[in-house]
Amino acid sequence: MSNSSSITAFLLLAFADTRELQLLHFGLFLGIYLAALLGNGLILTAVACDHRLHTPMYFFLLNLALLDLGCISTTLPKAMANALWDTRAISYSGCAAQFFFFLFLFSGEYSFLTIMAYDRYIAICRPLHYWTLLDSRACAQMAAAAWGSGVLNALLLTANTFSLPLCEGNAVDQFFCEVPEILKLSCSHFYFREVWVVMVGISLASGCFVFILFSYVQIFRAVLRMPSEQGRHKAFSMCLPHLVVVSLFVITGIFAYLKPPIISYPDLDLVVAVLYSVMPPALNPLIYSMRNRELKYAVRKMTQSVVFWLK
């Protein structure tokens, strides 16, 4: 029987058994990581430098890009290093830090997706009050609440999870220190504390989900009442990127955190973890810029300026 006090390191799940496949996974994830850095970096720079993008929607998008960068940088570099150096180890303190920062950034991202749903609701359902309800002070307060709630949620769950005695060894069946996998290592007689930890996270996530759902019900009702087909198309185009990101985020998150313990397929769990922790930061810049002329123009203008300066 193991004890948390005697565990100095955890063993993360390896992507592959053979050296060739490990190097292949390293190259694949390096490409994804660089794409995420480039895409989110371009959004950050474009929003910060172009005064026409200094609006509530782009302010929240800037925060989302920051969280995406942090989220993917918390999990992927360690997994790539392990694949490159053919190791699985992560220190106890490193695992706790990764656990905390991933929860903090993941919670913050979900909070900002909720705020962005509110932004879309005000823009479509109450356009005349948009700048009154979403002035600079209100945006700053909502952003501070999102970041602060992420920190508090992560502190609470990290402190409770890592205070549980660990009786099931130190092998984590995931490529990073994920909540369900760490809880699996805890002693069975602490079941109620495990349930309490999970229920806190579920309650917070459910509240955000209900708010997003309510916002989109109101948005769709307002859009369907619009007399102009062009107006309906513009409204749907405005909401579609956010809706795609939220759907991917929620569906994969629900499967990862709410599926019954008896349903455990390591390969499927690994794919789901990649889908909700790695792919959104890489795909979000593409999704949000694909149908956004203002953002594409700002990025193109900034890129041309950089090329001109380099010449």
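The values are calculated or read from the model by the stated rules, or taken from the named source; none is laboratory data. Fair warning: this is a prediction, and the values are worked out from it, not measured in the lab. In this analysis, Cβ positions are derived from the backbone assuming ideal geometry, glycine residues included, and neighbour counts consider all displayed protein chains. Ligands, DNA and RNA are stripped out before the accessible areas are found, and what is left, the full protein with its side chains, is counted by its heavy atoms. Shrake-Rupley method; radii C 1.70, N 1.55, O 1.52, S 1.80 Å.
Below, the figures for the structure above:
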| item | result |
| --- | --- |
| Region 70-93, residues that are touching a Leu at 6+ places or on another chain (Cβ under 7 Å) and either without any contact (Cβ under 8 Å) to a residue 40 or more places away in the chain or more than 28 Å from residue 19 (Cα to Cα) (or both) | 70 |
| Scan of region 1-32 for residues that are assigned to a helix (DSSP H, G or I) and free of Cβ contacts under 8 Å to residues at least 60 places away in the same chain, ordered by number | 5, 6, 20, 21, 24, 25, 26, 27, 28, 30, 31 |
| Every residue from region 16-30 that is hydrophobic (A, V, I, L, M, F, W, C) and either more than 18 Å from residue 274 (Cα to Cα) or open to solvent by 40 Å² or more (accessible area, probe 1.4 Å) (or both) | 21, 23, 24, 26, 28, 30 |
| Odd one out for residue 213, checked against (1) buried (at least 19 other Cβ atoms within 10 Å of the Cβ); (2) modelled with pLDDT of 85 or more; (3) farther than 21 Å from residue 105 by Cβ | (1) |
| Residue check for residue 100: open to solvent by 20 Å² or more (accessible area, probe 1.4 Å), more than 30 Å from residue 304 (Cβ to Cβ), in a helix (DSSP H, G or I) and modelled with pLDDT of 95 or more | yes |
| Odd one out for residue 168, checked against (1) modelled with pLDDT of 80 or more; (2) closer than 30 Å to residue 16 by Cα; (3) open to solvent by 90 Å² or more (accessible area, probe 1.4 Å) | (1) |
| Counted residues, region 176-197 - those being open to solvent by 20 Å² or more (accessible area, probe 1.4 Å), at pLDDT 70 or above and out of contact with any helix residue (DSSP H, G or I) (no Cβ under 7 Å at 6 or more places or on another chain) | 2 |
| Single unsatisfied condition, residue 107 versus (1) under 29 Å from residue 172 (Cα atoms); (2) surrounded by fewer than 22 Cβ atoms within 10 Å (Cβ to Cβ); (3) touching a residue at least 60 places away in the same chain (Cβ under 8 Å) | (2) |
| Region 289-299 - residue that is in contact (Cβ under 8 Å) with a residue 24 or more places away in the chain, in a helix (DSSP H, G or I) and open to solvent by 20 Å² or more (accessible area, probe 1.4 Å) and, of those, farthest from residue 240 (Cα to Cα) | 299 |
| Unmet criterion (only one of (1) touching a strand residue (DSSP E or B) at 6+ places or on another chain (Cβ under 9 Å); (2) surrounded by fewer than 14 Cβ atoms within 10 Å (Cβ to Cβ); (3) not acidic (Asp, Glu)) for residue 13 | (2) |
| Region 31-59: number of residues that are open to solvent by 30 Å² or more (accessible area, probe 1.4 Å) and not hydrophobic (A, V, I, L, M, F, W, C) | 7 |
| Unique residue being part of a helix (DSSP H, G or I), open to solvent by less than 70 Å² (accessible area, probe 1.4 Å) and either modelled with pLDDT of 85 or more or acidic (Asp, Glu) (or both) when the list is 159, 235 | 159 |
